1. Residue 59 - would you say it is open to solvent by 40 Å² or more (accessible area, probe 1.4 Å) and modelled with pLDDT under 85?
2. In the set 23, 89, which member is farther than 30 Å from residue 302 by Cβ, modelled with pLDDT under 80 and among the charged types (D, E, K, R)?
3. Going through 267, 258 one at a time, which residue ends up being open to solvent by 70 Å² or more (accessible area, probe 1.4 Å) and either at pLDDT 85 or above or within 18 Å of residue 63 (Cα to Cα) (or both)?
4. Give the residue, chosen from 301, 237, that is open to solvent by 60 Å² or more (accessible area, probe 1.4 Å) and either in a helix (DSSP H, G or I) or over 24 Å from residue 365 (Cβ atoms) (or both).
5. Answer yes if at least one residue in the stretch 247-255 is of a type in the set (A, V, I, L, M), open to solvent by 70 Å² or more (accessible area, probe 1.4 Å) and part of a helix (DSSP H, G or I), and no otherwise.
6. Identify the single condition in (1) assigned to a helix (DSSP H, G or I); (2) open to solvent by less than 20 Å² (accessible area, probe 1.4 Å) that residue 88 does not satisfy, given that it satisfies every other one.
7. Do you know which residues across the stretch 96-139 are at pLDDT below 90, open to solvent by 40 Å² or more (accessible area, probe 1.4 Å) and among the charged types (D, E, K, R)?
8. Can you tell me which residue within the stretch 349-361, out of those that are part of a helix (DSSP H, G or I) and without any contact (Cβ under 8 Å) to a residue 60 or more places away in the chain, is nearest to the chain's Cα centre (by Cα)?
Amino acid sequence: MWSLVVAGISLAVIIGGLLARSRFRSLPFWAVMAFASFIVVAGGLVPVDGLGQAVDIDVILFLIGMFSIVSLAESSGLLDAVAYWFLARVGSVWRLFIVLSIVFGLLAAVTVNDAVAVLGTVMVGSIARVAGLGLEPFLFMLAFSVTIGSVATPIGNPQNVLIAVQSGIRAPLLSFLRVLLLPSLINLLVVPLVLLKWFKISDKKLELLVIPGEAIRNRRDAIIATIGLTSVVTLLLANDALSIAGLPHVENIGFIPFIVAAATYIFVSDPRGILEKVNWGTIVFFIAMFITMKGVWSSGLLQPLVAVLMDKKLYGLEGITAISVESLALSQLLSNVPFTQFFIQYMKTIGYTPSDVWAWLVLACSSTIAGNLTLLGAASNIIIMEVAEERYSKSLGFIEFAKLGTIVTAINMAIYLPFLYLAVYL
């Protein structure tokens, strides 16, 4: 009983903290999550000696590496130059939203959505400023598009990686692409139209007289940042290709951006300045989230909720519905990566096997799209929110995200479900 009380209090702190932020913007969300982690440790749900096992060092190093490289790209003026180049070619505001949605979505599909969230937040900040537009619609567009795009492949996000590896399905890349690529592309086209309508954004021409190269403030740092970003993307793609081919590869992909960043510090003009710009609040958030969610799950508080809809193996439309509802709902409490990690094991215990490819694809799709429902649904949302608050004093409001996210998620799932249903019989 004590463990259930502690877990309930920690979840109440998280939800209450999110709601309170609408009035107390000075309260960072990482501080709320950190306090929740204190509660689960003080309450005995996670022993102090077990904190090392609870925290995923792969994710932490991934974020430190990406933040370092992105900070260098921003301070050197590289991102401003990219923004100028991009805006000079799209021609209009509406086309800008649609093209950015597709670009960020496809990037998330071939790398990792958290990496695109880091890079994309700073990039849309530059684009919005140069174009003379408000930042908020771009932040929502980025959050939704990286989530949708990452659905399409087993390497698009951490939960898909977990499913591809732990489910045991054969040829995961082809299985994902065959069923999820087309509906993901459709959603990437539809969502920017919803945002344009929601924010009442009128179309207008974008005319720039600035030469992109003039935005570069430090050419040496810009070259190093370009090499760093290119190296990370290339190495991640090469590592995925080696994995698919069954050849030796790096299991902990988060180490790749960190090692690339480690190679750059000594060559940049201001190494201390780059490290100071790392979003350490986001790092603290992730460390605290891993600890908190480990404690909440170990308490047994959520297991009865899981068993309500799925106490046995289900098939067809019934199975699709149950897995989708479980994923959409519980990802809001656990965030989608911790939820998927535990739900994979639960599905195995009730009889799902590698041959049930459709079930694993439903889990991948719905646990990922859960990130479009609320801020807590995906770690990428938190990254975008924290980076935007620190750099631009802008935020994604919990209530507004939930209102808009409900519409977007309903549209997303309405597009995905027919393809998932067909996958049962393919």
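The values are calculated or read from the model by the stated rules, or taken from the named source; none is laboratory data. What you see is a predicted model, and the numbers here were worked out from it, not measured in a lab. Positions of Cβ are generated from backbone atoms using ideal geometry, with glycine treated the same way; all protein chains shown enter the neighbour counts. These area figures cover heavy atoms from the full protein model, side chains too; ligands, DNA and RNA do not enter into them. Shrake-Rupley method; radii C 1.70, N 1.55, O 1.52, S 1.80 Å.
1. Working: open to solvent by 40 Å² or more (accessible area, probe 1.4 Å): no; modelled with pLDDT under 85: yes.
When the stated conditions are applied, residue 59 does not pass them.
2. Working: 23 fails: farther than 30 Å from residue 302 by Cβ.
Exactly one of 23, 89 is farther than 30 Å from residue 302 by Cβ, modelled with pLDDT under 80 and among the charged types (D, E, K, R), namely 89.
3. Working: 258 fails: open to solvent by 70 Å² or more (accessible area, probe 1.4 Å).
The unique qualifying residue is 267.
4. Details: 301 fails: open to solvent by 60 Å² or more (accessible area, probe 1.4 Å).
Checking each option against the conditions leaves just 237.
5. Within the stretch 247-255, the subset of a type in the set (A, V, I, L, M) is 247, 250, 253.
Narrowing the set further to residues that are open to solvent by 70 Å² or more (accessible area, probe 1.4 Å) leaves 247.
Filter once more, keeping what is part of a helix (DSSP H, G or I): none.
For the stretch 247-255, residues of a type in the set (A, V, I, L, M), open to solvent by 70 Å² or more (accessible area, probe 1.4 Å) and part of a helix (DSSP H, G or I): absent.
6. In the conditions (1) assigned to a helix (DSSP H, G or I); (2) open to solvent by less than 20 Å² (accessible area, probe 1.4 Å), residue 88 misses (2) alone.
7. Of everything in the stretch 96-139, just one residue is at pLDDT below 90, open to solvent by 40 Å² or more (accessible area, probe 1.4 Å) and among the charged types (D, E, K, R), namely 129.
8. Within the stretch 349-361, the subset part of a helix (DSSP H, G or I) is 349, 357-361.
From the residues that got through so far, the ones that are without any contact (Cβ under 8 Å) to a residue 60 or more places away in the chain too are 349, 359.
Working: 349: 28, 359: 22 Å.
Among residues in the stretch 349-361 that are part of a helix (DSSP H, G or I) and without any contact (Cβ under 8 Å) to a residue 60 or more places away in the chain, the one nearest to the chain's Cα centre (by Cα) is 359.
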